[in-house]
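These notes are about the structure you will find just below.
The values are calculated or read from the model by the stated rules, or taken from the named source; none is laboratory data. Note that the structure is a prediction, hence the values are computed from the model and not measured. Cβ atoms come from the backbone with ideal geometry, glycine included; neighbour counts cover every protein chain shown. Just so you know, the surface numbers come from the protein's heavy atoms only, side chains and all, with ligands and any DNA or RNA stripped out. Shrake-Rupley method; radii C 1.70, N 1.55, O 1.52, S 1.80 Å.
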Amino acid sequence: MKNQFSVLGSQFSAIKSVWSGRPRPLPLILILVLLLLLILSTPAFTQSQPIALKNAKLLTVTHGVIENGTVVMQGGKITAVGAAASVTIPANAQQIDATGMTIYPGLIDSETALGLTEIGAENMTNDLVEMSDEIMPHMHTAEAFHAESALIPVARINGITNAIVAPASSDTLPGQDSFIQLAGSNATEMLLLRDNAMPLNFTGDERRNRGGFEKQKFPATRMGLAAQLRQAFIDAQDYKAKLTDYGRKKADAAQNKKPEPLAPKRDLKSEALLPYLEGKKTIVLAAESPSDLQTAVSLANEFKLKFVLNHIAHSQPVLDYVASLKVPVIVGPIYEAPKDDERYDAVYSLPAQLHKRGVKIVFASYDAHNVRNLPYQAGFATAFGLPYDEALKAITLNAAEIWGVADQLGSLDIGKTANVVVANGDPLDVKTDVKQVFIQGQSVPMTDRQTVLRDEYK
Amino acid sequence: MRFMSKKKYALLCLCLTITTALSSAQSAPAASNDIIIRNAIVMTATRGTIPNGSVWIHDGKIQAVGETVNAPPGPKVTFIDAAGKYLTPGIIDSHSHIALNDDVNEATSPVTPQMMMKDAFDYQDKAIYRALAGGVTTSLLLHGSANMIGGQAVVIKHKYGATRDEMLFPNAPRSIKFASGENPKRVYGGRDQLPSTRMGNFAVQRQALVEAQDYMREWDSYHEKVKRNDKDSKDATPPKRDLKLEALADVLRGKLMVQIHIYRADEMLTEIAMAKEFGYKIRAFHHALEAYKVADQLAANNIAIATFSDWWGYKQEAWDAIPWNAVIAMRKGVRVAIKSDSEDFNRRLNQEAAKAIRYGGATEEEALKMITINPAWIVGVDDRVGSIEVGKDADLVIWDGYPLSNDGVPEKVLIDGEIYFDRQQQGLGTTHYKEGE
């Protein structure tokens, strides 16, 4: 394969290491390079020089495949995409021959625990979910997000550039999501959106019914879960009414020079629920079985919540109903075991079944350590009937649309953020090696703690 | 044949053998227990790939493999046309806990070698079927890792819908599960019992082996007395049988293959030293996520690994896991298997093996070996299964796409020459199991 990636890939890592990993003793040469960088460096997220990736196969997502194409990235954005012959490359651009490579937009994982966990079994490294109460809308994953997590480089060097960070699903309302970019010098830079969505889980697993009757506490049943949810939303409605009333009285007082009224006591839980009650933000409604799904949807409708669906792994009997809701579905994980009476591929084929009914789908890893394997789930779904283009969309453009960032992410289009992946083949195949990832037009060091260990022992 | 009862089938096989023997001069009558899979891309796992090959199955065994096979004449041969499809050996999962009715760990004592996993074997577990549909034909069902010395494994064939006894791999060698590291420490340390540290772990293991040595000596001296056949012999009384020590004595005698759950490199070295101290061999390190750090020593001691492709970080001792582990170890001479340890991964071990191509550049055949002949060696059945070779059990998978990928999936799975799974069939796709039975 004739291209410059074997050489240039490593050059990128050495020269343009804007995002450092864990501190490690540095070789002298690297220290010298870094000193040079200090002199020359520009702030993170400012792409200093245009880059042109030439002669590659481009999977644009929005306008098909360009067999011999060129992408130009400038100022952190994609400034040109097209057939190699038709793209004008800026004179000052660094030109990289990517012959034989496949280039596609950075992948988006629609549910992860990135930055909320480091070592699964070590609780001090976990900030996954508060279990003290089931109604925790005032938990903000953005406030626990650990930007320096060693898991993040592991995911991003396989081409995952953006992700939803969600609290674990043990509560009905476990807190609010964030939408991150997997590169940046600190959490603020990486958190593109805070509190952009809120999970509402209704699978039955949220019940506090473990350990027999004597250990049960409320809510131990689905009736309990639903009643508690209703109360929470009604409380928030009341809170809103109080706030509205207060606003009116305050305006009236100001106008008529009356003493200012007493502000209602702040209620963080209700406050957090307001944007969702007002339909300004998206509820991620998770259910698995047909009955839970319909209960959850009726609850959401009761309060006019704007929602997307999540999981529905065992809702095969009601897929027409799902389609009738006209909402996107975060599907899976498709590796979830089928019920004992279901065919082995009942969940594998769910993406295809939903797509066939016109449902917009996205995939999620629902994981932290294994976020890098997101594209393989999409690839596997193609073996069970999902068209390839839809599988790729489900981890790029569809996700960008659901999360409201399609103007910036999800495809190789002029004007979008230059989150671009260069790989030696099909992004959905396990055998494909990602050679270089660009985030906002900057080459990401293709290293993580695992490559360091590999190089130490190989 | 598919719908023939077992007894009838056995009878027919017997008859045919006789008939064939008697009629060798004339053209042999067609045998319905002959199947020929033709036009397949035959990936043998041990002898390369035949781009357009055939496999002749006779009496459940592989009778011939090649570009063409000498088909037995007659109309009763079943032909399976596999044009454009791939044929591989059945996948072998060398680390599984399915079909044990949730009885994976007898976590009431850190030394329980007398536990027989066969006693918990639930042959109706749907997990057997789901793995079968992913191409798995043989699994090693191990005791869990709560105990330093766990129980004895059972080897099964995934003949879903057959009887319990038909699913047991006939005459499979015996294996025992050892464990180390965090799990025993956590289980017993959490109860303020020994072991709660790695020192404790190894002390428990050593103590058990010392007791087994004593027990073995008692029995040896008894047998010696009897064997001498002198005046003392008839007074010799056998020592009291102790199932626990009997099993451990079998470890020391090399009659039980030792399969060790282990993560850290330092612990691997300690286990190797312990095995030398007591004179037994370690068959395989399981999980073995740090094998890449001490691969030379593993190779020198002929210890295989049964590892994950890229799982990591779920516990402290999995923190140094790297996806290159399999290939680095393999290049240093270690026999490497990719195993599932999971009801999830055992449905797509082919995808996990394919990762070895990406992480470290394993060849296609090397990757395929990691889920066929290499795990077969770990289980001790590599002379019977794990490759497409004449004389081996006809445990085969026909794939509708390239198996070392995530979009090639099994179309048909054969065990002992019978189709047990067929994707084209309605319902579950099982040929022997019928829903509602």
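Being open to solvent by 10 Å² or more (accessible area, probe 1.4 Å) and of a type outside the set (D, E, K, R) is the filter here, so list the residues in the stretch B:372-390 that pass it. Within the stretch B:372-390, B:ILE373, B:ASN374, B:TRP377, B:GLY380, B:VAL390 qualify.
Within the stretch A:333-356, none of the residues are assigned to a strand (DSSP E or B), buried (at least 24 other Cβ atoms within 10 Å of the Cβ) and touching a residue at least 12 places away in the same chain (Cβ under 8 Å).
Here B:GLN63 fulfils each of the conditions (1) outside any strand (DSSP E or B); (2) touching a residue at least 12 places away in the same chain (Cβ under 8 Å); (3) open to solvent by 50 Å² or more (accessible area, probe 1.4 Å) apart from (1). Considering the stretch A:373-458, the qualifying helices (runs of 4 or more DSSP H), each wholly inside and each with 3 or more residues that are closer than 24 Å to A:GLY100 by Cα and open to solvent by 10 Å² or more (accessible area, probe 1.4 Å), run over A:388-393.
In the stretch A:214-248, of all residues being open to solvent by 90 Å² or more (accessible area, probe 1.4 Å), at pLDDT 95 or above and of a type outside the set (Lys, Arg), the one that is nearest to A:HIS138 (Cα to Cα) corresponds to A:GLN231.
When the residues of the stretch B:275-296 are narrowed to those that are buried (at least 19 other Cβ atoms within 10 Å of the Cβ) and away from chain A (no Cβ under 14 Å), which ends up farthest from the chain's Cα centre (by Cα)? Spell out the reasoning first.
Step one: list which residues in the stretch B:275-296 are buried (at least 19 other Cβ atoms within 10 Å of the Cβ), which gives B:275, B:280, B:282-295.
Filter once more, so that each one left must be away from chain A (no Cβ under 14 Å): B:275, B:280, B:282-286.
Values: B:ALA275: 22, B:TYR280: 20, B:ILE282: 15, B:ARG283: 12, B:ALA284: 12, B:PHE285: 14, B:HIS286: 12 Å.
Step by step, filter the stretch B:275-296, then rank; the result is B:ALA275.
Do we find that A:ARG230 is farther than 15 Å from A:ASP171 by Cβ, touching a residue at least 60 places away in the same chain (Cβ under 8 Å) and part of a helix (DSSP H, G or I) in this structure?
Yes, satisfied.
Every listed requirement among (1) open to solvent by 10 Å² or more (accessible area, probe 1.4 Å); (2) away from every other protein chain (no Cβ under 14 Å); (3) in contact with a Phe, Trp or Tyr (Cβ under 9 Å, 6 or more places away or on another chain) is met by A:HIS138 save one, (3).
For the stretch B:116-126, state whether one or more residues are crowded, with 24+ Cβ neighbours inside 10 Å and touching a residue at least 40 places away in the same chain (Cβ under 8 Å). So that I can check it myself, show each step before the final result.
The first filter runs over the stretch B:116-126 and keeps only residues crowded, with 24+ Cβ neighbours inside 10 Å, leaving B:117.
Now drop any that are not touching a residue at least 40 places away in the same chain (Cβ under 8 Å), which leaves none.
No; the residues of the stretch B:116-126 include none that is crowded, with 24+ Cβ neighbours inside 10 Å and touching a residue at least 40 places away in the same chain (Cβ under 8 Å).
When the residues of the stretch B:384-437 are filtered to those that are within 14 Å of chain A (Cβ to nearest Cβ) and of a type in the set (Asp, Glu), the one that is nearest to A:LYS339 (Cα to Cα) is B:GLU435. Residues in the stretch B:335-383 that are within 14 Å of chain A (Cβ to nearest Cβ), more than 20 Å from A:THR432 (Cβ to Cβ), of a type in the set (D, E, K, R) and in a loop (DSSP other than H, G, I, E, B): B:GLU343, B:ASP344.
I'm checking my understanding of the structure. Among residues of the stretch A:100-135 that are open to solvent by 10 Å² or more (accessible area, probe 1.4 Å), among the small types (Gly, Ala, Ser) and within 14 Å of chain B (Cβ to nearest Cβ), which one is nearest to A:ARG230 (Cα to Cα)? That would be A:ALA113.
Filter the stretch B:127-142 down to the residues that are farther than 22 Å from B:GLN426 by Cα and either open to solvent by 10 Å² or more (accessible area, probe 1.4 Å) or within 12 Å of chain A (Cβ to nearest Cβ) (or both) and list them by number. Full working, then the answer.
Going through the stretch B:127-142, the residues farther than 22 Å from B:GLN426 by Cα turn out to be B:138-142.
Scanning the stretch B:127-142 gives no hits.
In the stretch B:66-86, of all residues being small (Gly, Ala, Ser) and within 17 Å of B:GLY391 (Cα to Cα), the one that is surrounded by the most Cβ atoms within 10 Å (Cβ to Cβ) corresponds to B:ALA71. Within the stretch A:372-391, the set of residues being polar (S, T, N, Q) and facing chain B (nearest Cβ under 8 Å) comprises A:ASN373, A:THR382.
Here A:ASP252 meets each of (1) at pLDDT below 95; (2) open to solvent by less than 60 Å² (accessible area, probe 1.4 Å); (3) of a type in the set (D, E, K, R) with one exception, condition (1). Here B:ASP320 fulfils each of the conditions (1) over 20 Å from B:ASP266 (Cβ atoms); (2) of a type in the set (D, E, K, R); (3) at the interface with chain A (Cβ under 8 Å from one of its Cβ atoms) apart from (1). Could you count how many residues in the stretch B:236-274 are part of a helix (DSSP H, G or I), free of Cβ contacts under 8 Å to residues at least 60 places away in the same chain and more than 16 Å from B:ILE378 (Cβ to Cβ)? Looking only at that region, the number is 8. Looking for something on the phi < 0 side of the Ramachandran plot, among the β-branched types (Val, Ile, Thr), part of a loop (DSSP other than H, G, I, E, B) and within 14 Å of another protein chain (Cβ to nearest Cβ) - is there at least one such residue anywhere in the stretch B:297-311? Scanning the stretch B:297-311, I find no residue that is on the phi < 0 side of the Ramachandran plot, among the β-branched types (Val, Ile, Thr), part of a loop (DSSP other than H, G, I, E, B) and within 14 Å of another protein chain (Cβ to nearest Cβ), so the answer is no. Identify, from the list B:ILE328, B:ILE338, the residue that is surrounded by 24 or more Cβ atoms within 10 Å (Cβ to Cβ) and within 29 Å of B:GLY408 (Cα to Cα). Just a single option satisfies the conditions, and that option is B:ILE338.
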